[in-house]
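S.K.: Before I ask anything, here is the structure I am working with.
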2 protein chains.
Amino acid sequence: MQIKNSKKRKEVIIGPALAVDTLIFTIREGALSVLLIQISTGPYGGKWALPGGIVPINETLDEAAKKVLAKKAGIAGVHMEQLYSFSALNRDVRGRTVSVAYFALVDSDKFTPKTISYYADIKWQDVFALPTMAFDHKEIVNYGVARLRAKIEYSNIVYGLLPKEFTLTEMQSVYEAIIGHAIDKRNFRKKILSLDILVETNKERTGSKSRPAKLYRFKKRQLVFTN
Amino acid sequence: MQIKNSKKRKEVIIGPALAVDTLIFTIREGALSVLLIQISTGPYGGKWALPGGIVPINETLDEAAKKVLAKKAGIAGVHMEQLYSFSALNRDVRGRTVSVAYFALVDSDKFTPKTISYYADIKWQDVFALPTMAFDHKEIVNYGVARLRAKIEYSNIVYGLLPKEFTLTEMQSVYEAIIGHAIDKRNFRKKILSLDILVETNKERTGSKSRPAKLYRFKKRQLVFTN
DNA sequence: GCAAAAGTGTTGAGTGTACACCCATGC
DNA sequence: GCATGGGTGTACACTCAACACTTTTGC
């Protein structure tokens, strides 16, 4: 594209940088948690943040987010969706950056965070006890928690937080961790079973010192809306 | 920010351009409609598109979208919210652009689209009869319609499509235009009145050749969730 | 036999849905 | 007095919320 006059030249002024940040949720020790990395150097050195990265010119936002998951957290093949785009002028003191936030759901038993060279540390963090965070990342986490809370009410999205096979009590614990309060066991079971999103396996979870529990699977391990 | 080594230099590679596109909904002749502009020149000359613009380095996305509304459609002071970010690699053949879509709701009686010099034309278009559109704008419109449909079920968002005072039948027509089918009058009134989002004025809409209808106002002309 | 968690039903309140007629006005 | 749209109530089905005891296992 040739630039021929000053009017058109305006259009090639460099705009904000474009980044993706990823909110990776899991349930860990009964608490809804997110994966945080600790920044090594620069103005945010020592602060905690969400894994993120610049969007390359030849990748879509989804692709860029997927690569962040893979490279910075070693996570692949999980449910991921776009959350919201954040653009406050001062959100990154190093330069004007617009960030598209994504969220992903993982089964923490399957993924162990590993520190990568250029981060000081990496860890799962209870979303209700966030440390001081860089950028507007606390706001992003809270926005993501709200979305997740809404979405468990009308979809099977929690499949992303559960292993292939699980008991109804385990599933209920996931719901309770997300909404932050206890649920009636009988009502929960009645409701979930009526949604027709689970199938009974004929296995049981044994090895506890109490009665074995039936194991269930999701009919579809992909997003299904339930009303 | 000084660039000191080749590793850092990578970070200043120019990424995708960042734009906002605005989906401006109204109800016009009983049909849910969007404001489209016709592109004058270039590879998309003659095609219809949503009003949009590049995001300047010193504006947030919300600000940039608000300015697009003001400058390209002459609309201000209406409900507006972020919809989604679109980033397919080939969405604009002129160059890699990521677009953050916004949607706004207006009362078509208050805004008359005016053609601006650099567009060939501008018009309200029924969302169920879209012309061939530039970029991925048809997808954006459909995404926006879906969001709007969902949102009228759990919020007072339709205030944006209605004048200050209106009859329940007018309000019902707005709902019907959005969901695309008729609703039972008695059930609609019972439901809406039970939500406690309207107040009765003591005026009536006269001048028709039938019985005058009571006029109502929204308690709050800002987004309120109703369940 | 006891501790621990799994599993199971009923009732009442509230909400959603289907459905038909009278009322106030203009002409 | 008739055409037009405004305005109203009831019955049934369904969903949601509250609530306590029995079953199966390990030790």
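Each value in this text was obtained by applying a stated rule to the coordinates, not by laboratory testing. Owing to the predicted nature of the structure, the values given are computational and were not obtained by experimental measurement. Every residue, glycine as well, gets a Cβ built from its backbone with ideal geometry; the counts of neighbours run over all protein chains shown.
S.K.: What is the residue count in region B:192-212 for residues that are surrounded by fewer than 17 Cβ atoms within 10 Å (Cβ to Cβ) and either within 14 Å of chain A (Cβ to nearest Cβ) or away from DNA strand D (no atom under 13 Å from the Cβ) (or both)?
M.R.: Summing the residues that are surrounded by fewer than 17 Cβ atoms within 10 Å (Cβ to Cβ) and either within 14 Å of chain A (Cβ to nearest Cβ) or away from DNA strand D (no atom under 13 Å from the Cβ) (or both) in region B:192-212 gives 3.
S.K.: Now for a different question. Could you check how many residues of region A:202-227 are away from DNA strand C (no atom under 11 Å from the Cβ) and hydroxyl-bearing (Ser, Thr, Tyr)?
M.R.: Residues meeting the conditions: 1.
S.K.: Name the residue, out of A:134, A:129, A:88, that is at the interface with another protein chain (Cβ under 10 Å from one of its Cβ atoms) and hydrophobic (A, V, I, L, M, F, W, C).
M.R.: Every option except A:88 fails the conditions.
S.K.: Oh, and also: Is there a residue being within 16 Å of DNA strand D (Cβ to nearest atom), more than 14 Å from chain A (Cβ to nearest Cβ) and surrounded by fewer than 18 Cβ atoms within 10 Å (Cβ to Cβ) anywhere in region B:155-166?
M.R.: Yes, some residue in region B:155-166 is within 16 Å of DNA strand D (Cβ to nearest atom), more than 14 Å from chain A (Cβ to nearest Cβ) and surrounded by fewer than 18 Cβ atoms within 10 Å (Cβ to Cβ).
S.K.: Quick one: which of A:188, A:111 is touching a residue at least 60 places away in the same chain (Cβ under 8 Å) and either under 30 Å from residue A:98 (Cα atoms) or in a helix (DSSP H, G or I) (or both)?
M.R.: Details: A:188 fails: touching a residue at least 60 places away in the same chain (Cβ under 8 Å).
It is A:111.
S.K.: Mind counting the residues in region B:114-130 that are assigned to a loop (DSSP other than H, G, I, E, B) and either closer than 23 Å to residue B:19 by Cβ or polar (S, T, N, Q) (or both)? Break it down stepwise before answering.
M.R.: Residues of region B:114-130 that are assigned to a loop (DSSP other than H, G, I, E, B), as a first pass: B:114-118, B:127-130.
Subset that is either closer than 23 Å to residue B:19 by Cβ or polar (S, T, N, Q) (or both): B:114-118, B:127, B:130.
Total satisfying the criteria: 7.
S.K.: Let me ask something additional. Would you confirm, using the coordinates I've provided, whether residue B:139 is within 16 Å of DNA strand D (Cβ to nearest atom) and either crowded, with 18+ Cβ neighbours inside 10 Å or of a type outside the set (A, V, I, L, M, F, W, C) (or both)?
M.R.: No, not satisfied.
S.K.: Is there a residue being part of a strand (DSSP E or B), more than 14 Å from chain A (Cβ to nearest Cβ), in contact (Cβ under 8 Å) with a residue 40 or more places away in the chain and more than 28 Å from residue B:180 (Cα to Cα) anywhere in region B:29-40?
M.R.: yes
S.K.: Just a yes or no: is a residue in region B:66-75 part of a strand (DSSP E or B), in contact (Cβ under 8 Å) with a residue 40 or more places away in the chain and buried (at least 18 other Cβ atoms within 10 Å of the Cβ)?
M.R.: Within region B:66-75, none of the residues are part of a strand (DSSP E or B), in contact (Cβ under 8 Å) with a residue 40 or more places away in the chain and buried (at least 18 other Cβ atoms within 10 Å of the Cβ).
S.K.: Can I ask one more? Kindly evaluate residue A:117 against the criterion of being over 18 Å from the mean Cα position of the chain (by Cα) and within 27 Å of residue A:61 (Cβ to Cβ).
M.R.: yes
S.K.: Let me ask something else about it. Is region A:178-191 home to any residue that is under 17 Å from residue A:24 (Cα atoms), within 18 Å of the chain's Cα centre (by Cα) and exposed (fewer than 12 other Cβ atoms within 10 Å of the Cβ)?
M.R.: Checking region A:178-191: not a single residue is under 17 Å from residue A:24 (Cα atoms), within 18 Å of the chain's Cα centre (by Cα) and exposed (fewer than 12 other Cβ atoms within 10 Å of the Cβ).
S.K.: Next question, about the same structure. Evaluate the following for residue B:176: is it within 15 Å of DNA strand C (Cβ to nearest atom), assigned to a strand (DSSP E or B) and acidic (Asp, Glu)?
M.R.: no
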